[in-house]
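K.L.:
This is the structure I have questions about; it appears just below.
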Amino acid sequence: QSSFSKITVVGQVRTPGSVPYREGMTVMDVVLASGGLAEFAAGNRAKLVRKDANGKTVEKRVRLEDLMKKGRLKENVAMMPGDVLIVPESYF
């Protein structure tokens, strides 16, 4: 199982770590496979970090809270093998 066939989830999810990549996987699948957003997650400040074909790192903002709590499906972006999803902690 190479690191390219999985997705890494760090930060404020219930079980951070690696999720095996499946064809057609979306960011919602990845969050659910990680046990959902943790209590203090700043879901709308989540970032998807991906290396493009040229090996350049590209960051995309994902509004996970709008997706998970309001069902805003346009936020349900497709995942790629090797992606890293970062869910920051909310500030009080």
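K.L.:
Counting Lys +1, Arg +1, Asp -1, Glu -1, what net charge surrounds Lys51 among other residues with beta carbon under 12 Å of its beta carbon?
P.N.:
Net charge around Lys51: -1.
K.L.:
Same structure again: Ignoring ligands and nucleic acids, what accessible area does Glu65 show with a 1.4 Å probe (Å², nearest 10)?
P.N.:
60
K.L.:
If you build a Gaussian network model of the chain, linking Cα atoms that sit under 10 Å apart, which residue out of Gly43, Gly11, Gly35 swings the most?
P.N.:
Ranking Gly43, Gly11, Gly35 by mean-square fluctuation puts Gly35 first.
K.L.:
Would you mind calculating the relative contact order of the chain from Cα pairs under 8 angstrom and at least 6 residues apart, reporting the percent as a whole number?
P.N.:
Details: 187 pairs, mean separation 34.9, N = 92.
So the answer I get is 38 percent.
K.L.:
Just to verify a number: what accessible area does Asp29 come out at with the full protein assembly present, 1.4 Å probe, Å² rounded to tens?
P.N.:
Surface open to solvent at Asp29 totals about 50 Å².
K.L.:
Next question. Work out, step by step, the length gained on full extension between Val58 and Arg22: first 0.36 nm times the residue separation, then minus their alpha carbon distance; give nm to one decimal.
P.N.:
Extra length available between Val58 and Arg22 comes to 10.9 nm.
K.L.:
Counting Lys and Arg as +1 and Asp and Glu as -1, each charge on the Cβ, what is the dipole of the chain about the Cα centre in debye, to the nearest 20?
P.N.:
Here the chain has a charge dipole of around 200 debye.
K.L.:
Please find, in a Gaussian network model of the chain (springs between Cα atoms separated by less than 10 Å), the residue of Ala53, Ala33, Ala42 whose mean-square fluctuation is greatest.
P.N.:
In the Gaussian network model the winner is Ala53.
The values are calculated or read from the model by the stated rules, or taken from the named source; none is laboratory data. From a predicted model like this one, the values you see are computed outputs, not experimental measurements. Cβ atoms come from the backbone with ideal geometry, glycine included; neighbour counts cover every protein chain shown. In case anyone asks, the SASA skips ligands and DNA or RNA and just uses the protein heavy atoms, side chains included. Shrake-Rupley method; radii C 1.70, N 1.55, O 1.52, S 1.80 Å.
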